[in-house]
Amino acid sequence: MSAMTSETVPAVEPAFADLYEEIADCPRCTLARTRSRTVPGVGPSLAEVMLIGEAPGAREDEQGLPFVGPAGRFLDDLLAAAGLSRNDVYICNVVKCRPPGNRDPEPEEIAACRPFLDRQIEVVNPRVIVTLGRFSMARWFPGLAISRIHGRPREVDGRLVVPMYHPAAALHRGDLRAVIEADFAQLPNLLGRPAARPAPAPLAAGPVAATADTDQGRLL
Ligand code: URA
């Protein structure tokens, strides 16, 4: 498989064509007024792994592709260490347009974009969903703290959902780098593949306390 860099603009697969067109014309929230380009997502429709970030930043808004800035470079390293590349995974965000000044997405923006994310999950039907950061995590793990549950897969609707720190967190907090690396190193195992490299010692938090989220699925 040829390496795809974050600079490559991939062709849109037919499975995504209508959806991406709809996203490109989306007027559902005020981010439509300030965006340069929508950032629908990238990767194969048959990907086994789907990574869901927060929202596009400045570089993503320019290029129309997710995770092409500094956090994206770290994401590429994390994928490579797990024996994966961008060709193997589908990457998108909770919100498809850049919030001005990279502010957090508002609840109504997340809600407006949710049907797009629903359709992406339906099309890709991944075996493993990795949530990157608290905004995507909140969909499956509402009210839980990432510091407590990162790296702990949960079975939901026949697939695994694994909450992980956002790669940008390691750019601000160096101590999180090894934590994120250890969480990503689990991916081959979750996919039933041999580990690409010896995994660093796990730094994940202890058992997750029983909370009101138990209807969301089973912690593994
Ligand atoms: N951060 C995100 O959450 N998504 C991107 O696409 C880029 C940075």
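The values are calculated or read from the model by the stated rules, or taken from the named source; none is laboratory data. These figures come from a predicted structure and were not determined experimentally. Note that each Cβ is placed from the backbone with ideal geometry, even for glycine, and that neighbours are counted across all protein chains shown.
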*under 12 Å from residue 52 (Cβ atoms) and away from the ligand (no atom under 15 Å from the Cβ): does that describe residue 89?*
no
_Residue check for residue 10: within 16 Å of the ligand (Cβ to nearest atom) and either at positive phi or in a loop (DSSP other than H, G, I, E, B) (or both)_ = yes
*Tell me, which residue of the stretch 110-134 that is surrounded by 21 or more Cβ atoms within 10 Å (Cβ to Cβ) and either in contact with a Pro (Cβ under 6 Å, 6 or more places away or on another chain) or of a type outside the set (A, V, I, L, M) (or both) is nearest to residue 69 (Cα to Cα)?*
133
*Give the residues of the stretch 45-70 that are touching a residue at least 60 places away in the same chain (Cβ under 8 Å) and more than 12 Å from the chain's Cα centre (by Cα), sorted by residue number.*
45, 46, 47, 48, 68, 70
*Just for the stretch 129-149: of the residues that are touching a Lys or Arg at 6+ places or on another chain (Cβ under 9 Å) and of a type outside the set (A, V, I, L, M, F, W, C), which one is farthest from the ligand (Cβ to nearest atom)?*
139
*Test: residue 86 is at pLDDT 95 or above, crowded, with 16+ Cβ neighbours inside 10 Å, of a type in the set (D, E, K, R) and out of contact with any Cys (no Cβ under 9 Å at 6 or more places or on another chain)*: yes
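Restricting to the stretch 49-85, name every residue that is under 18 Å from residue 136 (Cα atoms) and more than 10 Å from the ligand (Cβ to nearest atom).
Of everything in the stretch 49-85, those that are under 18 Å from residue 136 (Cα atoms) and more than 10 Å from the ligand (Cβ to nearest atom) turn out to be 49, 50.
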*Conditions (1) without any contact (Cβ under 8 Å) to a residue 12 or more places away in the chain; (2) closer than 25 Å to residue 23 by Cβ; (3) within 15 Å of the ligand (Cβ to nearest atom); number of the one not met by residue 107*: (3)
*Based on what the data block shows, is residue 101 crowded, with 22+ Cβ neighbours inside 10 Å and of a type in the set (Gly, Ala, Ser)?*
no
*Identity of the residue in the stretch 139-166, more than 12 Å from the chain's Cα centre (by Cα) and free of Cβ contacts under 8 Å to residues at least 40 places away in the same chain, that ends up farthest from residue 92 (Cα to Cα)*: 145
*Test residue 98 against the stated conditions and say whether it is of a type in the set (Lys, Arg), more than 14 Å from the ligand (Cβ to nearest atom), modelled with pLDDT of 95 or more and not in a helix (DSSP H, G or I).*
no
*Examine the stretch 146-161 for a residue that is in a helix (DSSP H, G or I) and crowded, with 18+ Cβ neighbours inside 10 Å, and state whether such a residue exists.*
yes
